[in-house]
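Below is one structure, written out as structure tokens; the observations come after it.
None of the figures in this text is laboratory data; all of them are computed from the coordinates on show. Given the structure is predicted, the values throughout are model-derived calculations rather than measurements. Neighbour counts run over all protein chains shown; Cβ positions are idealised from the backbone, glycine included.
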Amino acid sequence: MSSRVALFWPGDARAKPNELALPNVEEATVQLERAFARLGRTTYRVPGFLTKPHEAIERLGPIDDPLVGVCVHWLYGPHTTEGVVGKDNPLLLASNFSGQWPGLVGLLNTGACLESLGRRFSRVWTDRGTFTDDEAFMARLDDWCRTGRIAYAEDDIAYHAPVSPDAAARARRVAKSFRDRRALMLMLGDTSMGMINGYFGPRLLGRYGFAEHKIDQAWIIDRGRRIEKKRIDDALRLIWDADISVASRVFPVSMRYPDHFPHSPPLVLPRGETERWSSHQYGAGGELCLEFGSDNWHPDITGADMILSAHRLLQGENPVTGARAAVASRHKTTVGQDLRGTRRRLMATPATIVETATETDDRLLTVHECAGRLRKSTKWVYRRTRTLPFAICLGPRSWVFSQKGLEKWLAKQRA
């Protein structure tokens, strides 16, 4: 192999990522130059980032010396492949695995692109700030300088795995269904971001029962202008379906997540049903009014909690087949709401409540203090604020807890 090695910078198609990566690629190149010098090799640089396929053709094509691509950020595969395909000079992709920049990811993508084109190459990387301090890296670099190749063990790669008879039969049925009726795939910008390894094409897809309809990504913008906003919103909405079994009946429900989840609650409503299931429901086929809603919602509450709440509601109202029962509503009026139509009323402000508690030798606990004494999480406490008798609501999502009331409640629980 030639003692002269050419170092080049494969780049992004956009100017800004290359500009931000410049200090990093410069440092990595200096480290590689020192590493090659220690191995007795002379290096020279191909000027500038390669930001277009034609730049790879013009700058890498005339070079017959061994080539090293310095990969420190995301880079487009064609910015390397177009300059090296059809040639057989040794090619190495080298990266400094920083954990901050996606250089190793760019290296792997470019490697996959080269593999898809049948161009031989090698890979090497290090996470050391000083490359020459990494003995394994230097040993592999020395192998490449002597042989033009770096070989890695493939013991952990398996091309076949045990498959059960049932799984094999299922796979054959799926494959037959594709052969009987071809699946049409919509391919949007198959070489997006320089990932030409992701393009299969009809020559390959046709063998396995797939057809391809190729459309440029710009089509989305043009088509999107002619589609109703509601249709787009419905398509993007996250919905989770569940079946709730109560007595001998199954209630099919859908849980619809809002755009602002987890800061607002999901909706649970009948799936494909137009009848009214519950007295706690907003009309026939409408949303179920559950234990958690916008008035007492907390981000720690999960979708699973909502489904469990729906189960409790439907089970409570349908204890046995053919029977109906009442379930209490979470909506309770406050003293202030009850008194708003009277001539005289006393307004209990948070300060008044605190002062009253002080005078009665009681202490108001925060949710963290309450959770600590109960040996529960704050999430557990928030979910039960409507049922804990010692919980005091000061306002929206603002709760304190009576210490005396908590102690009485704990004593009752232990009894």
Legend entry - Cβ charges +1 (Lys, Arg) and -1 (Asp, Glu), total dipole of the chain, debye: 1740 debye
Legend entry - Residues Met187 and Glu273, FRET efficiency given R0 of 41 Å [Cβ-Cβ distance, rounded to 0.05]: 0.60
Legend entry - Theoretical FRET efficiency, 1/(1+(r/R0)^6), r = Cβ-Cβ of Thr378 and Arg237, R0 22 Å, to 0.05: 0.15
Inset, instruction - Compute the acute angle (0 to 90°) between the alpha-carbon long axis of helix 15-38 and the principal axis of greatest extent of the alpha-carbon atoms of the chain; round to the nearest 10°. - result: 50 degrees
Inset, instruction - With a point put 7 Å past each Cα toward its Cβ, work out how far Arg330 is from Thr302 in nm, to one decimal. - result: 1.7 nm
Legend entry - Karplus (6.51, -1.76, 1.60) ³J(HN,Hα), θ = phi - 60°, over region 45-57, in Hz, Gly and Pro reported as x: 9, 7, x, x, 6, 8, 10, 9, x, 5, 5, 5, 4
Inset, instruction - Would you work out which of Leu32, Ala151, Leu236 lies farthest towards the positive end of the dipole of the chain? Charges go on Cβ: Lys and Arg +1, Asp and Glu -1. - result: Leu236
Inset, instruction - Take the alpha carbon atoms of region 196-236, find their center, do the same for region 46-65, and report the distance between the two centers in whole angstrom. - result: 33 Å
Legend entry - Listed values [x] 21, 43, 26, 9, 1; [y] 25, 55, 21, 0; [z] 18, 30, 29, 21, 3, 0, entry calculated as P(r) over Cα pairs in 20 Å bins from 0, in percent: [z]
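With a 10 Å Cβ neighbour count serving as the proxy for reagent exposure, in which order, fewest first, do Ser377, Ser294 appear? Show your work: numbers first, answer last.
On the way: Ser377 11, Ser294 8.
The order, fewest Cβ neighbours first, is Ser294, Ser377.
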Inset, instruction - Under a 10 Å cutoff between Cα atoms, tell me which one of Thr80, Thr126, Thr274 has the largest fluctuation in the Gaussian network model of the chain. - result: Thr274
Inset, instruction - Give the long-range amide H neighbours of Leu50: residues separated by 5 or more places, or on another chain, with amide H under 5 Å away, using H modelled in the peptide plane at 1.01 Å from N. - result: Trp9, Gly11
Inset, instruction - Read phi for every residue in region 163-172 and hand back ³J(HN,Hα) as whole Hz from Karplus 6.51 cos²θ - 1.76 cosθ + 1.60, θ = phi - 60°, with x for Gly and Pro. - result: 10, 5, x, 5, 5, 5, 5, 5, 4, 5
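By how many nm would the segment from Asp295 to Ile221 grow when fully extended, if each residue of separation counts as 0.36 nm and the alpha-carbon distance is taken off?
Working: separation 74, 0.36 × 74 = 26.64 nm, distance 3.88 nm.
Extending this stretch completely gives an extra 22.8 nm.
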Inset, instruction - Express in whole angstrom the spacing between the alpha-carbon centres of region 159-187 and region 78-95. - result: 36 Å
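Which order do Trp240, Trp144 fall in if you start with the one that has the fewest other Cβ atoms within 10 Å? Please list the in-between numbers first.
Values: Trp240 15, Trp144 23.
Fewest-to-most ranking of Trp240, Trp144: Trp240, Trp144.
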Legend entry - Contour minus Cα-Cα distance for Cys393 and Lys412 (0.36 nm per residue): 4.6 nm
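Set the Förster radius R0 to 45 Å, insert the Cβ-Cβ distance between Leu22 and Ser2 as r into 1/(1 + (r/R0)^6), and round the FRET efficiency to 0.05.
Given R0 = 45 Å and the Cβ-Cβ separation, E is 0.95.
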Inset, instruction - Pull up all non-local amide H partners of Met187: gap of 5 or more, or a different chain, and H-to-H distance under 5 Å with H placed in the peptide plane. - result: His213, Lys214, Ile215
Inset, instruction - Give, in nm to one decimal, the length gained when the segment between Phe97 and Asp166 is fully stretched (0.36 nm per residue of separation minus the Cα-Cα distance). - result: 20.6 nm
Inset, instruction - Starting from the Cα of Asp155, step 7 Å along the direction of its Cβ; do the same at Ile57; then give the gap between the two resulting points in nm. - result: 4.6 nm
Inset, instruction - Please build a GNM for the chain, connecting alpha carbons under 10 Å apart, and tell me which residue among Ser245, Ser164, Ser177 fluctuates the most. - result: Ser164
Inset, instruction - Check the straight Cα-Cα distances from Lys376 and name the lysines below 20 Å, setting aside those fewer than 8 residues away within the same chain. - result: Lys404, Lys408, Lys412
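Looking at the chain, send over the antiparallel percent of its DSSP beta bridges, to the nearest 5. Don't skip to the end; give the middle numbers.
On the way: 19 of 44 bridges.
Of all bridge pairs located within the chain, approximately 45 percent are antiparallel.
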Inset, instruction - Using the number of other C-beta atoms within 10 angstrom as an exposure proxy, rank Glu19, Glu82 with the fewest first. - result: Glu19, Glu82
Inset, instruction - Quickly work out the Ser177-to-Arg38 label distance, labels modelled 7 Å from Cα along the C-beta direction, and quote it in nm with one decimal. - result: 5.7 nm
